[in-house]
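The values are calculated or read from the model by the stated rules, or taken from the named source; none is laboratory data. A quick note: this is a predicted structure, and the numbers were derived from the prediction, not measured. Cβ: placed from backbone, ideal geometry, glycine included. Neighbour counts: every protein chain shown. Heads up: the accessible areas ignore ligands, DNA and RNA and are worked out on the full protein's heavy atoms, side chains in. Shrake-Rupley method; radii C 1.70, N 1.55, O 1.52, S 1.80 Å.
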Amino acid sequence: MQYHVDGALVDADAASVSVSDRGFRYGDAAFETLRAYGGTVFRWDDHAARLRNTLDALGFERYPDAADIRARVRETLAANDLADAYVRVSVTRGAQPGALTPGPADPTVIVVTKPLPRGGTAGDDVWDAPASARVVETRRVPDAAIPAAAKTHNYLNGILARNELDGEDEALLCDADGRLAEGATSNAFWVRDDTLHTPTLDGDVLPGVTRRAVLDLAAREGIDVETGTYDPAALRRADEAFLTNTTWEIRPLVDVDGTALPVGPLTERLAARFDAAVEAAHY
């Protein structure tokens, strides 16, 4: 495998960053997890916009434009002869002296990739089975501390949440007021009385790209949608539920805190529509 590091393709075993890189020292970096289907990136514009928003939120003065980053992604996929793949783009503030206050520096840009199964209607899921989840004690970092819409390298919050699990697939975090926010690496959806629910972005919720895709599909399908603030018990009372992220796509959620949920018809319908959209756009 080859990775793209600061403008050059290098063997994965040789890929490295400086110990003075602020992404390594402080988590002072932004990233995006992308998925390539048939050689092109799913919802590239949405990912590029979120990356730019994160860099702006962190106060980066210098970073490559979206076209430059997209070219690096394409070069990395081509170098590894990958059409269906996981791709991670990281942009750090770069290597600087060991001072907390950032100074001017050239950013570090890294693209890594690995193969994934084909997507679309003829593809396979990356997960082996529907998901189980637990609502954990670790709270979601509030927007007033770190912007909720920023996807940064600092993932200690999610790591601490996942450390509470005992075999479940995902940790579900609440905000400081005890309202359901999101999974450690996913957004949560559930159905109650034929209405699709998900926590509002007005709360401490990362605006997931697949989350947006699901809401767009629901609108086209004429599915009633409600976004709001919810107690975690609302998820346990659901008729059906699922999790979304870039690699899982739509993954049914069949166990929440030991409460069993079925793989329901609306989850299956949205997953089928998602696969059809991927098939039409990328294959």
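Out of the total accessible area of the range 35-184 (probe 1.4 Å, heavy atoms of protein only), what percent is carbon and sulfur?
Values: 3420 of 7100 Å².
Roughly 48 percent of what the probe reaches on the range 35-184 is carbon or sulfur.
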- prompt: Expressed as an acute angle from 0 to 90° and rounded to the nearest 10, what is the orientation of the C-alpha long axis of helix 44-57 relative to the principal long axis of the chain?
  reply: 70 degrees
- request: Of the options Ala233, Ile146, Ala272, report the single residue whose Cα projects farthest towards the positive end of the charge dipole of the chain (beta-carbon charges: Lys, Arg +1; Asp, Glu -1).
  value: Ile146
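At 20 °C and a viscosity of 1.002 mPa s, what translational diffusion coefficient does Stokes-Einstein give for the range 108-155, taking Rh as the Kirkwood radius over Cα pairs? Give it in µm²/s as a whole number. Working shown, then result.
Values: Rh = 15.3 Å.
Answer, rounded: 140 µm²/s.
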message: Under 5 Å between amide hydrogens, which residues at least 5 positions from Leu261 or on another chain qualify, with H placed 1.01 Å from N in the peptide plane?
response: Asp255, Val256
query: For the chain, what does the alpha-carbon gyration tensor say about shape, rounded, prolate or oblate, given a ≥ b ≥ c as the root eigenvalues, a/c under 1.5 as rounded, and a/b over b/c as prolate?
result: oblate
- line: Under the Karplus relation with 6.51, -1.76 and 1.60 and θ = phi - 60°, whole-Hz ³J(HN,Hα) for the range 164-175, x at Gly and Pro, equal 7, 6, 10, x, 5, 7, 9, 9, 9, 9, 9, 7
query: Rounded to the nearest 500 deg cm²/dmol, what is the calculated helix-only ellipticity per residue at 222 nm for the chain, with -39500 (n - 2.57) per DSSP H run of length n ≥ 4?
result: -8000 deg cm²/dmol
- line: Quick shape summary for the range 95-230, equivalent ellipsoid via Cα gyration tensor, semi-axes whole Å in descending order, reads 29, 21, 17
Nonlocal amide H pairs with Lys151, under 5 Å, H built at 1.01 Å: Phe31, Thr54
- request: Counting other Cβ atoms within 10 Å, keep those with at most 14, restrict to DSSP loop, and tell me which chymotrypsin sites (Phe, Trp or Tyr not before Pro) in the range 127-214 are left.
  value: Trp127
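Residues of the chain: accessible area per residue at 1.4 Å, in Å²? Don't skip to the end; give the middle numbers.
Values: 12790 Å² over 283 residues.
Ligands and nucleic acids excluded, the figure is 45 Å² per residue.
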- line: Placing each pseudo-label 7 Å from Cα in the direction of the beta carbon, Ala234 and Glu61 end up separated by a distance in nanometres of 4.4 nm
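Run the numbers for Ala79 and Asp6: contour at 0.36 nm per residue of separation, minus the present Cα-Cα distance, in nm.
Details: separation 73, 0.36 × 73 = 26.28 nm, distance 1.55 nm.
Extra length available between Ala79 and Asp6 comes to 24.7 nm.
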message: Under the 0.36 nm per residue contour assumption, what length would be gained going from the current alpha-carbon distance of Ala260 and Glu221 to full extension?
response: 11.4 nm
- request: Output ³J(HN,Hα) for the range 275-283: one whole-Hz value per residue in order, computed from phi by the Karplus curve 6.51 cos²θ - 1.76 cosθ + 1.60 with θ = phi - 60°, and x for Gly and Pro.
  value: 4, 5, 5, 4, 4, 5, 8, 10, 10
message: Within the range 190-251, what whole-number % of the accessible surface is contributed by carbon and sulfur, with the 1.4 Å probe and all protein chains included in the calculation?
response: 38 percent
- line: Extension length gain for Ala272 and Thr121 (0.36 nm per residue less Cα distance), in nm, is 53.6 nm
- request: Two decimals is fine: what's Rg over Rh for the range 158-283, C-alpha atoms, Kirkwood radius as Rh?
  value: 0.95
